[in-house]
Amino acid sequence: MSKKVFIWVAHPRLGSFNHALAQAYATGAEKGGASVRIQAVSEMQYEAFSEGYEGKPIPLEPDLKAWQDNLLWADHVVFVTPYWWGNIPGQAKAVLDRALLPGFAFKYHEKGMGWDKLLAGRTGDLLITSDTPPVWDRWVYGQPGRNALTRQVFKFVGIKPQQVKQIGRIQGSSDKKRARWLNMAEALGAKAALG
């Protein structure tokens with residue numbers, strides 16, 4: 001049975017380098033025999049705000065429901081996202097806020113501080129682009145966005161992080177560097193297809 005890979009492009013601008021990275025990853029995964037679905041936040045329509053888990057959340061729009069369906073379908077999940085002010089863009093964060101709901105992504109235990117990880121059994125990769133040099137993000141800022149995505153999103157809902165790659169500095173990068181990054185993304189896709 002072929003691996004099922006869901007790639008989510010969290011960059012709000014269509015045609016960004018994040019989209020190129022996602023397509024390279026998809027190419028590698030498909031060459032490796034995987035089935036691939038790609039969804040881009042730049043093409044999704046939804047309300048960013050809901051009253052939260054305890055209020056009256058608004059029903060999920062079709063694009064958010066499709067995003068959930070893609071997560072459930074996948075064996076392997078890939079987020080391709082830029083760093084904006086140390087984390088993912090607000091438009092992408094709203095997808096997590098609205099769609100990673102209790103009863104879908106996790107379920108708190110009635111007593112104690114535990115929870116069930118309802119998306120367990122999946123693996124995930126992160127491709128993060130930034131204008132902050134990755135070494136600076138690591139040693140000066142402590143990788144806040146990377147930590148939030150791997151620990152507080154993936155691990156919280158049961159997705160086991162595999163490859164986490166921060167790519168940068170994007171601003172002013174040469175065509176040669178970008179080609180190298182695209183080749184790396186394709187190789188990661190091929191690796192993911194093998195499982």
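Computed from the coordinates by the stated procedures, all read-outs in this text should not be read as laboratory data. Given the structure is predicted, the values throughout are model-derived calculations rather than measurements. Please note: Cβ atoms are built from the backbone with ideal geometry, for glycine as well, and neighbour counts cover all protein chains shown.
Things worth noting here:
- Output for the range 110-134, where each listed residue is farther than 23 Å from Ser16 by Cα and hydrophobic (A, V, I, L, M, F, W, C): Met113, Trp115, Leu118, Leu119, Ala120
Every residue, every condition in (1) under 13 Å from the mean Cα position of the chain (by Cα); (2) surrounded by 20 or more Cβ atoms within 10 Å (Cβ to Cβ), yes or no:
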{"site": "Met1", "(1), (2)": "no, no"}
{"site": "His19", "(1), (2)": "yes, no"}
{"site": "Ala24", "(1), (2)": "no, yes"}
{"site": "Lys56", "(1), (2)": "no, no"}
{"site": "Trp67", "(1), (2)": "yes, yes"}
{"site": "His76", "(1), (2)": "yes, yes"}
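- Hits in the range 28-48 (condition: under 16 Å from Ala10 (Cα atoms), in a strand (DSSP E or B) and among the polar types (S, T, N, Q)): Gln39
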